Amino acid sequence: MRRMKKRYISATAVSVLFLFLLGGCGKQFVVDEGDGGSTEDEQLIVVGVSQLGSESVWRTANTASIQETFTRENGYLLIFDNARQKQENQIKAIRSFISQQVDYIVFSPIAESGWDVVLEEAKEAGIPVILMDREAEIADESLYVTRVGSDFRAEGENAGLWLAEHLEQQGRADEEINIVVLTGTEGATSTIGRTEGFEEIARQHSNWNILEQTGADYTTSKAKEEMRSILEEHDDIDVLVSQNDDMTFGALDVFKEAGITTGVDGDVTVISFDAVRTALELVRSGEINVDIECNPEQGPYIENVIRMLENGENIDKNYYVPEKIFTQENVGMYINDRSY
Ligand code: AHR
């Protein structure tokens, strides 16, 4: 799998901010070129990572995991690009990685479709591609070597299963239950999987009414906007399913403004996803009922895959990262270890 190391790696000096002007659009790629030293540098594995953006606390933690893993000390030269929520920027970044002849391309597809052409180019250049976090819908599966990320469908199902059990425990299993769902970025695997997984369980409960299912892009500001208009239409919400913590923070603010209480002792049951520290604190205080974890610490798993490829080992087409479910009962055992 290893190819000749690229010349520009050994021709380095001190740490620099390396600016590539792509087609005159001023795109920035940050390259940590360390303190020089040619032979040692030639051993570094060059990894180009296209991150989709920085829309959430989860995403920031995911980026940190990559940057903490692919260090010179660990034997890597990381070329990192933030696509700022634009698929076209991710495609440009991948093309730039190809022209720089990196050893591996890692990227988190903002949406599932639209990758075939650029990944064909990576394949022609002989560069293995690893999907991080989300999936890509690609006709020819040989265009990527593996994917490391969450089982989003299972996350959605777990949300539904938790709700069924919760209503049972409250003696409300047969009541009419009105549900609002805030979904994430359209076309993203996390949105598709969580939506399908939850709907699968909802279909088994004819008394669950999904009043609204609205996109809020995984951001707090959009969630506030959407929640305000939902509250203008509905005053009978029993459950909020919010597909990430950032959107949950926005929705909780809007509920507060409207004098609606949430969580364990509140009017609205809140189900969130991600389980970042601030949200876990709200689980502990009872404002959020349950948080379905989405694990952003994927760097070490991706590195493991690269090590296996370097050793010529066979790898699977998909690796799921481990994830938990947090409620007021168990959150105390985990919250102090949460670094993000
Ligand atoms: O793809 C993972 C999702 O993307 C996380 O749930 C969300 O917070 C992020 O933006």
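The values are calculated or read from the model by the stated rules, or taken from the named source; none is laboratory data. None of these values were measured; they are calculated from a predicted model. Methodologically, a virtual Cβ is constructed for each residue, glycine included, from the backbone with ideal geometry; neighbour enumeration extends over all protein chains shown. These accessible areas exclude ligands, DNA and RNA; they are computed on the full protein's heavy atoms, side chains included. Shrake-Rupley method; radii C 1.70, N 1.55, O 1.52, S 1.80 Å.
Look through the stretch 318-333, keep the residues that are in a loop (DSSP other than H, G, I, E, B) and out of contact with any Lys or Arg (no Cβ under 7 Å at 6 or more places or on another chain), and return whichever of them is surrounded by the most Cβ atoms within 10 Å (Cβ to Cβ). Within the stretch 318-333, the match that is surrounded by the most Cβ atoms within 10 Å (Cβ to Cβ) is 321. Under the condition of being away from the ligand (no atom under 16 Å from the Cβ) and outside any helix (DSSP H, G or I), which residue from the stretch 244-259 is farthest from residue 187 (Cα to Cα)? For the stretch 244-259, the residue satisfying everything is 259. Of the residues making up the stretch 172-201, those that are assigned to a helix (DSSP H, G or I), within 16 Å of the ligand (Cβ to nearest atom) and not charged (D, E, K, R) are 189, 190, 191, 192, 193, 195, 197, 198.
Being of a type in the set (S, T, N, Q), outside any loop (DSSP other than H, G, I, E, B) and more than 16 Å from the ligand (Cβ to nearest atom) is the requirement here; does residue 269 meet it? Criteria met by residue 269. Quick check on this structure: which one of 204, 213 is in a loop (DSSP other than H, G, I, E, B), under 30 Å from residue 318 (Cβ atoms), open to solvent by 10 Å² or more (accessible area, probe 1.4 Å) and free of Cβ contacts under 8 Å to residues at least 60 places away in the same chain? Selected residue: 204, the only one of 204, 213 that is in a loop (DSSP other than H, G, I, E, B), under 30 Å from residue 318 (Cβ atoms), open to solvent by 10 Å² or more (accessible area, probe 1.4 Å) and free of Cβ contacts under 8 Å to residues at least 60 places away in the same chain. Applying the selection to the stretch 122-145, what residues are within 16 Å of the ligand (Cβ to nearest atom), without any contact (Cβ under 8 Å) to a residue 40 or more places away in the chain and open to solvent by less than 10 Å² (accessible area, probe 1.4 Å)? Answer for the stretch 122-145, where residues must be within 16 Å of the ligand (Cβ to nearest atom), without any contact (Cβ under 8 Å) to a residue 40 or more places away in the chain and open to solvent by less than 10 Å² (accessible area, probe 1.4 Å): just 131. Closer than 26 Å to residue 67 by Cβ, assigned to a loop (DSSP other than H, G, I, E, B) and either in contact (Cβ under 8 Å) with a residue 60 or more places away in the chain or open to solvent by 10 Å² or more (accessible area, probe 1.4 Å) (or both), is that true of residue 300? Spelling it out, it is not the case that residue 300 is closer than 26 Å to residue 67 by Cβ, assigned to a loop (DSSP other than H, G, I, E, B) and either in contact (Cβ under 8 Å) with a residue 60 or more places away in the chain or open to solvent by 10 Å² or more (accessible area, probe 1.4 Å) (or both).
Return the residue satisfying two criteria in turn: it lies in the stretch 166-201 and is of a type in the set (S, T, N, Q) and loosely packed, with under 14 Cβ neighbours inside 10 Å, and of such residues it is nearest to residue 224 (Cα to Cα). In this case the residue turns out to be 170. Residue 27 meets all of the listed conditions (1) modelled with pLDDT of 95 or more; (2) under 22 Å from residue 185 (Cβ atoms) but one, namely (1).
Within the stretch 146-159, residues that are open to solvent by less than 10 Å² (accessible area, probe 1.4 Å) reach partners that are aromatic (Phe, Trp, Tyr) with beta carbons closer than 7 Å, at six or more positions or on different chains, in the pairs 146/319; 148/301; 148/319; 150/320; 155/273; 156/198; 159/198. Filtered by the rule that a residue be touching a Gly at 6+ places or on another chain (Cβ under 9 Å), within 16 Å of the ligand (Cβ to nearest atom) and either farther than 12 Å from residue 181 by Cβ or not polar (S, T, N, Q) (or both), the stretch 227-243 gives a lone residue, 241.
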